Amino acid sequence: MGAGVSRIVIPARVQTILRRLNAAGFAAYAVGGCVRDSLRGELPADWDICTDAEPEQTADCFSDCRTVLTGARYGTVTVLLDGAPYEITTFRAEHGYSDSRHPDGVTFLRSLRDDLARRDFTVNAMAADADGSVIDCFGGSEDLRQGIIRCVGDPERRFTEDALRMLRALRFASRFGFMVAPETETAIHALCGRLRAVAPERLRKELSGLLCGDAVQGVLERFSDVITVLIPELAPCIGFRQWNYHHKYDVWEHTLRAVGAIAPTEELRLAMLLHDIGKPAAFTMDKQLIGHFYGHAVIGAAMTETILRRLRYDRRTAELVTLLVREHGFYLLEDTQKRMRRLVSQFGAETVRLLLQVRRADGIATGTAEGAEEKTAVAERLLESVSSQCVSLPQMALNGQDLLRLGVPEGPRIGAILRALLDAVLDGRLENERETLRSAAREMIDKSDESI
């Protein structure tokens, strides 16, 4: 089975589960990502457990706890211990993957090694007993030390069993800054088309995880063929020369640099991945042989909306990312509070803050723009300076009730006057002070009455 190569700390409740199974005569181990993360010095998000006990036997061992046969067909029982759920799965072999995802059948096993042999990558194919001794049958600890994502056994077989494992390999490489082993990489390039058969929801989760990794730029560059299976609309960007002195790189390389230059949040990384996706369709060249991309942001926003809907992103994320793509080319034009108040009034302070990050990353990724950091810092200070100022109707010191008391009848005229007053406040022509606004409102009413 292999010797314990090191030790990890097993939480008390996990120890309780393992020792209870052991006391009943069964083997039991913590397995997978919790062992990997513990060896990396990280706190695992959850703890999975494997055992040679079959599902009914596992449930009997925890008859005093709430148990749920969450995946009895695949050998999984969820045990609630002190209110926390723990998945316990029987050692198993899998066979037949007609949907490139789920096994058509499973066979329960007695051997931990055989169970580990079916797992995706060596770094995920380690187990630990109740004392924390790690069992490593396939060199996972050494791959972890060297920073390598390697399939357990034959990569083609692993990816044929579950095509999503290819995208998981890239997510791990991006998250940990690991390289993908050559034979594993070769299989990914050869088989990535199988990802088209995977449910969009599952692709979405892995894609977002990949994008939010620290090493995302290098992974996207090396595996562009995989990304274009998920988002074929990106394919025309690869190698698309911009023919413009403002850009040092082609559209795809610029995109990669922009993704790497922005904070690792789902919305921002998605926005930078897609922000110039409309450029190939918008390209024109003038008589001086300079390339232009008029309207590419609008075209890209429409494409982004379609892509995110196809990948089943939630409505809030899709709307925000689409907005960031559509507006990513905005300019302050003048570093003035007036301009910033207008932006905040139009989009809201938080969205403007995100747009400033997008502009910064976009500028850095051109390879030619100087002072992107300084310009963003100036704009952020402007944003903070207007954060307490009036930028919306609810913040105005005058409201519809005040206009009614001034004799304006109910109806659209009230809204028109309020919007005119807000425009004056945003432009700095009026102070947001009650008497000042009342006086301006009276003038508007008087002029309107005179024109009747």
Only one of these conditions is not met by Tyr29: (1) under 30 Å from Gly147 (Cα atoms); (2) part of a helix (DSSP H, G or I). Which number is it?
-> (2)
In the stretch 241-260, how many residues are crowded, with 19+ Cβ neighbours inside 10 Å and either out of contact with any Ser or Thr (no Cβ under 6 Å at 6 or more places or on another chain) or assigned to a helix (DSSP H, G or I) (or both)?
-> 11
Could you check Leu354 against (1) closer than 23 Å to Arg429 by Cβ; (2) open to solvent by less than 30 Å² (accessible area, probe 1.4 Å); (3) not charged (D, E, K, R); (4) not in a loop (DSSP other than H, G, I, E, B) and say which number it fails?
-> (1)
Considering each residue of the stretch 252-303, count those that are basic (Lys, Arg), touching a residue at least 24 places away in the same chain (Cβ under 8 Å) and over 19 Å from Gly213 (Cβ atoms), and give that number.
-> 1
From the option list Thr376, Thr351, single residue qualifying as touching a Gly at 6+ places or on another chain (Cβ under 9 Å), closer than 28 Å to Val321 by Cβ and β-branched (Val, Ile, Thr) is Thr376
Go through the stretch 363-389 and give me each residue that's part of a loop (DSSP other than H, G, I, E, B) and more than 13 Å from Met340 (Cβ to Cβ).
-> Gly367, Thr368, Ala369, Glu370, Gly371
For the stretch 220-237, indicate whether the set of residues that are among the basic types (Lys, Arg), open to solvent by 30 Å² or more (accessible area, probe 1.4 Å) and not in a helix (DSSP H, G or I) is non-empty.
-> no
Does Glu267 qualify as being in a helix (DSSP H, G or I), open to solvent by 10 Å² or more (accessible area, probe 1.4 Å), of a type outside the set (Phe, Trp, Tyr) and under 27 Å from Phe159 (Cα atoms)?
-> no
All positions within the stretch 298-336 that are open to solvent by 70 Å² or more (accessible area, probe 1.4 Å) and either in a helix (DSSP H, G or I) or of a type in the set (Phe, Trp, Tyr) (or both) = Val298, Glu305, Arg309, Arg310, Arg315, Arg316, Glu319, Arg326, Tyr331
Complete set of residues in the stretch 172-198 that are of a type in the set (Phe, Trp, Tyr) and open to solvent by 10 Å² or more (accessible area, probe 1.4 Å) | Phe176, Phe178
Residues of the stretch 1-54 being of a type in the set (Lys, Arg) and within 21 Å of Arg118 (Cα to Cα), in sequence order, are Arg36
Scan the stretch 399-429 residue by residue and report those that are farther than 24 Å from Gly348 by Cα, surrounded by 13 or more Cβ atoms within 10 Å (Cβ to Cβ) and among the acidic types (Asp, Glu).
-> Asp402
Tell me which residues, restricted to the stretch 223-282, are among the basic types (Lys, Arg) and closer than 18 Å to Ile299 by Cα.
-> Lys279
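The values are calculated or read from the model by the stated rules, or taken from the named source; none is laboratory data. Because the structure is a prediction, the values reported are computed rather than measured. Reconstructed Cβ throughout: ideal geometry from the backbone, glycine too, with neighbour counts over all protein chains shown. The accessibility values were calculated without ligands, DNA or RNA, using every heavy atom of the protein model including side chains. Shrake-Rupley method; radii C 1.70, N 1.55, O 1.52, S 1.80 Å.
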